[in-house]
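**Q** Have a look at this one.
Derivation of every value follows stated rules applied to the coordinates shown; laboratory data play no part. Every value quoted in this text rests on a predicted model; they were computed, and no experiment measured them. When we count neighbours, we look across all protein chains shown, and the Cβ atoms used for this are built from the backbone with ideal geometry, even at glycine.
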Amino acid sequence: MKKQVLAATMAMVLAASAMTGCGGNGASGTTAATTAAATTAAATAAATTAAATTAAAQGEETTQAAEADNIMPNGLPVDYFAGTTLNIYTQNGSADLSTDPSEKLIVQLAEEATGIHINWTVLSSQAWTERVNLMLASGDMPDAFLQNISQNTIGTNIDRFYDLSDGSLETYAPATLATIQTAYPNGIEALRWPDGSIRSLPTSSVASSSYDWVNWLIMINKTWLDRVNMDMPTTTDELYEVLCAFRDQDANGNGDPSDEIPFGFADKDSNINIGHTANYFGIANAKDGTNGRFKMVKNGVVTPTADTDEWRAWLEWLNKLYDAGLLDPEGFSQTKDEYTTKLSSDLYGVAMMFSPVHQGLNPDEWELLWVKGLDGVEPVHDGTSQYDATKKFGFTISATCSNVPALLHWWDYMSSTRELKLISRMGEMGLVWNEKDGQYYSSEDYIDSQVMKDHPDWTRSNLQQTLGFNDRCVLVSYDDLVPDGPDGSVLYKGEFKPADPYQSATCRTILMNTVSGWLQDEYMPSCIEDPDAVADRTLIETDLFPMITNFASTSIVNGVTDESWNTYKQSLETYGYYDWIEWYNENTMKN
Ligand SMILES: [Ca+2]
């Protein structure tokens with residue numbers, strides 16, 4: 001293993017040298033070095049240096065030209081801080097089988113290029129929180145932490161962390177900053193604390209793929225549909241008729257016409273919650289659970305949903321299903337396991353699942369159920385295409401860091417090209433990612449690799465987390481990600497290997513590609529909220545959420561009358577629903 005990695009390292013170092021050129025420092029490099037040398041000590045004043053001006057003014061175009069002269073995007077020679085040693089505490093990923101991050105190719109490449117050496121201390125996940133808390137309490141800190149620290153921990157020890165809003169990112173880490181600006185819809189603002197400071201750099205990537213856009217999906221059994229001789233429903237009224245047919249006929253074909261449960265759900269589990277059917281009436285959450293659908297962003301404003309005609313129409317439709325005996329009578333009380341048992345026993349005609357293959361079902365038999373509840377109201381799917389899978393607090397620098405410019409320079413080297421970012425995340429090219437016709441794709445070439453021959457017990461996760469940093473990598477934006485090949489295929493021995501729809505990941509991806517067209521257009525920005533303000537909001541939620549949920553359950557069972565609806569709308573007012581909506585407009589939308 002070691003030999004193999006070393007050989008690969010040499011190859012990559014040579015490739016990297018060829019890529020960046022070996023010309024040494026030209027005249028522009030000397031100028032930048034001289035200027036920056038005068039200001040290295042004062043990172044706060046650095047925004048005015050020539051290095052900053054150069055990097056900012058010339059921007060992206062300079063990046064490539066500068067690399068040719070062995071100059072970093074920040075305008076400094078790549079080895080400007082050579083000889084510096086820094087201390088970083090980290091925690092191995094769950095499937096990371098390396099003993100020290102210095103075994104990883106990206107760390108070797110970064111040291112080779114920058115001459116900056118990192119002393120790593122690797123803590124177990126069990127020891128991490130306690131040790132970090134001890135260091136924060138004593139103030140005896142390493143230069144940096146490479147592992148997500150909770151927002152709460154940072155918030156209560158905020159002065160222990162270096163404030164990167166002082167211009168040092170612009171000066172020393174422009175490539176990192178550029179990735180942040182494209183990764184979040186609101187750019188660097190996603191990292192800003194209410195006091196305006198920036199205390200961390202993100203790691204990992206935005207949504208690793210469309211795979212994560214949505215939680216569970218409502219699906220319908222096509223075999224049942226064929227047995228009752230009906231077409232795929234397109235409206236909630238047509239769906240009602242189909243569910244009645246499921247109820248009345250032997251739709252599962254076992255000879256017993258009375259064991260069918262038309263619509264399966266388990267309301268106590270947010271993934272299998274009946275609330276997902278609100279989608280058909282134009283109401284959806286982002287990816288924030290059942291209560292997320294109590295609000296939506298429309299025309300840039302957080303807007304109430306739970307007081308709308310659509311909300312009422314949805315509850316009335318569910319009541320109609322309930323009255324007709326179409327909903328699982330145990331749906332409000334049963335566990336996920338009880339639900340799963342019925343689903344596996346072919347008792348449900350409509351049900352929720354991550355994908356049929358994940359549920360052990362035939363993917364040819366189940367189809368996404370997508371119906372329209374109201375004329376003039378477009379259905380919209382739960383979930384978000386802006387799912388933020390980054391670790392916002394993945395890399396934090398101590399206020400006592402011995403050399404912030406050098407540390408940022410080192411980090412920015414790893415962020416300076418797409419190739420280096422991908423090596424940081426997944427290890428060397430040719431294993432889980434590879435190149436074909438000038439494009440990068442997800443690859444299964446690792447299967448025949450020497451690494452796997454040396455470690456036949458490794459999984460793909462072991463490989464990626466051991467050779468790369470996985471979610472501790474420098475930030476990877478959506479555009480940096482390595483996609484699948486056409487139709488979900490992956491690269492294998494230079495060719496695209498067709499995806500297998502009976503394989504769980506592929507089945508899920510195919511479904512997600514369909515759902516992507518039904519997602520909302522607008523979402524709230526990702527931001528760090530003021531903990532005191534969050535406490536105010538949580539206080540409202542304590543009574544408000546159960547009130548809304550109870551009204552929904554009661555309405556499904558008993559129906560909605562003008563009287564019950566008006567009383568409920570008054571309760572929304574008194575329980576602070578509109579204050580809750582306004583909270584988001586004042587605290588989240590302003591970012
Ligand atoms: Ca039956």
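**Q** In straight Cα distance, which aspartates and glutamates are under 12 Å from LYS104, not counting same-chain residues fewer than 8 positions off?
**A** Once the sequence-local aspartates and glutamates are set aside, what remains near LYS104 is ASP96, GLU428.
**Q** Okay, moving on. Which angle between 0 and 90 degrees, to the nearest 10, do you get for helix 125-138 versus the longest principal axis of the chain when only C-alpha atoms count?
**A** Approximately 60 degrees, to the nearest ten.
**Q** Using only the Cα atoms, work out Rg/Rh for the stretch 198-272, with Rh taken as the Kirkwood radius, to two decimals.
**A** That ratio equals 1.25.
**Q** Order of 392-403, 413-424, 521-532, 465-476 by packing, highest average Cβ count within 10 Å first?
**A** Averaged packing, sorted descending, gives the order 465-476, 413-424, 392-403, 521-532.
**Q** Further, regarding this structure: Any idea how far apart ASP543 and SER402 come out in nm if each label point goes 7 Å out from Cα toward Cβ?
**A** Using points 7 Å along Cα→Cβ, the separation is 5.7 nm.
**Q** If you find the alpha carbon centre of the stretch 349-382 and of the stretch 94-112, how far apart are they in angstrom?
**A** With the stretch 349-382 and the stretch 94-112 each reduced to a Cα centre, they are spaced 43 Å.
**Q** Using alpha carbons only, how many degrees (0 to 90, rounded to 10) separate the axis of helix 309-323 from the longest principal axis of the chain?
**A** In the chain, helix 309-323 runs at an angle near 50 degrees to the longest axis.
**Q** Now, a different point. Can you tell me the order of 575-585, 231-241 when each peptide is scored by its average per-residue count of other Cβ atoms within 10 angstrom, highest first?
**A** For the peptides 575-585, 231-241, the packing ranking is 575-585, 231-241.
**Q** At 20 °C and a viscosity of 1.002 mPa s, what translational diffusion coefficient does Stokes-Einstein give for the stretch 365-518, taking Rh as the Kirkwood radius over Cα pairs? Give it in µm²/s as a whole number.
**A** Estimated via Stokes-Einstein, D reaches 116 µm²/s.
**Q** Can you compute the helix-only [θ] at 222 nm over the chain? Use -39500 (n - 2.57) per DSSP H run of at least 4 residues, normalise by all residues, nearest 500 deg cm²/dmol.
**A** It lands at -12500 deg cm²/dmol.
**Q** Report, largest value first, the span of the C-alpha coordinates of the chain along each principal axis, in whole Å.
**A** Principal-axis extents of the Cα atoms in the chain, largest first: 82, 57, 43 Å.
**Q** Separate question: Rounded to whole Å and ordered largest first, report the semi-axes of the equivalent ellipsoid of the stretch 335-439 derived from its Cα gyration tensor (root of 5λ).
**A** Output for the stretch 335-439: semi-axes of 45, 21, 18 Å.
**Q** Restricting the count to DSSP beta bridges whose residues both fall in the chain, what percent are antiparallel, rounded to a multiple of 5?
**A** Taking every DSSP beta bridge within the chain, about 60 percent pair in antiparallel fashion.
**Q** Further, regarding this structure: Restricted to Cα positions, what overall size does the stretch 279-325 have along the principal axes? Three whole-Å values, descending.
**A** 40, 21, 14
**Q** Among the lysines, which have Cα under 18 Å from the Cα of LYS298 when same-chain residues fewer than 8 positions away are ignored?
**A** LYS287, LYS590
**Q** Quick check of the Kirkwood formula: for the stretch 437-495, what is the inverse mean of 1/r over all pairs of different Cα atoms, in Å?
**A** By the Kirkwood definition, the hydrodynamic radius is 13.0 Å.
**Q** Using alpha carbons only, how many degrees (0 to 90, rounded to 10) separate the axis of helix 50-68 from the longest principal axis of the chain?
**A** Tilt of helix 50-68: around 90 degrees.
**Q** Also, quick follow-up: Quick check: convex hull over the Cα atoms of the stretch 210-326, volume per residue in Å³, rounded to an integer?
**A** Spelled out: Cα convex hull of the stretch 210-326, divided by residues, is 132 Å³.
**Q** Starting from the Cα of ASP521, step 7 Å along the direction of its Cβ; do the same at PHE332; then give the gap between the two resulting points in nm.
**A** Modelled inter-label distance: 3.8 nm.
**Q** Measuring from label point to label point, each 7 Å out along Cα→Cβ, what is the ALA137 to ALA389 span in nm?
**A** So the label points at ALA137 and ALA389 sit 3.7 nm apart.
**Q** Average projected area of the Cα convex hull of the stretch 60-208, in nm²?
**A** Its Cα hull, projected and averaged over all orientations, spans 10.3 nm².
**Q** So what's the convex hull volume per residue for the Cα atoms of the stretch 150-282, in Å³?
**A** Given the Cα convex hull of the stretch 150-282, per-residue volume reads 177 Å³.
**Q** Also, I was wondering about something else. How big is the convex hull of the Cα atoms of the stretch 305-376, per residue, in Å³?
**A** Cα-based convex hull of the stretch 305-376, divided per residue, equals 134 Å³.
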